[in-house]
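Right, one structure below, let's go through it.
Readers should treat all values here as calculations from the given coordinates under stated rules, not as data from a laboratory. This structure is a prediction, so every number in the text was calculated from the model and none was measured. Cβ placement follows ideal geometry from the backbone for every residue including glycine, while neighbour counts extend to all protein chains displayed.
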């Protein structure tokens, strides 16, 4: 399984990296749009729909709205007004409310469990994550990669830390495989990673070096903790959706990983939060 996960990750990186380092952000925006469209279909399936016609309809509606926004961004030379900070704040508040209402009770609130409501919620949250990806890419390939790598480092550290020292479960009623030791290992790894990013800043300016410049080391520490907490919570929330739907994976597109949503679940709440924190 681990070998299959690594091979799939290498293939994904081979697709991602060439578009990241092109001067024009459009190819990356289109690739991210394609993956998020698949994720939208998977979210709708987890919301309770099973008919392909419904999954495709929601996905086409999502790509239509995203396509219009992409065209507007392209027309404006990829410029997003500073006023967008209120949008990122609203998205982060929505995630905080959703996670706070769902994770402690290990169930999605009754008012959100209707397939239409849950699907529309996924529509908005995926749209926000995709827009945040595009905005971070416009600020630079290394800038975006430095943030993505934090989530990847946390995931890898939690996996190996959990296998080595995991005894106490983090959220047994939601995801029995996650352990408190894995979470602490992820915290240590992400703090070390962010520190290394700051050290590399003279040659490779990145997300965490910019945070450290504006908010200092204490601010950087708090922001890494906040981003990690949102990443873990996003992963747990998708696990909650899968348990409610009675499925192990959101899809089968990515061997060893499951679906696209399984691969980006931790990023969904992190990306809008990252842009909000950057504006502080």
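Data overview
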{"quantity": "207, 159 arranged by Cβ crowding within 10 Å, fewest neighbours leading", "calculated": "159, 207"}
{"quantity": "Expected-Rg normalisation [2.2 N^0.38 Å, Cα atoms] applied to the chain", "calculated": "0.97"}
{"quantity": "Footprinting exposure proxy for 95, 43, 152 (fewest neighbouring C-beta atoms within 10 Å first)", "calculated": "152, 95, 43"}
{"quantity": "Average Cα contact separation per residue, the stretch 2-278, under 8 Å, 6 or more apart, as relative contact order %", "calculated": "25"}
{"quantity": "Exposure proxy ranking, count of Cβ atoms within 10 Å, fewest first, for 79, 237", "calculated": "79, 237"}
{"quantity": "Among 184-190, 265-271, 160-166, the order from most to least packed when residues are scored by Cβ within 10 Å on average", "calculated": "265-271, 184-190, 160-166"}
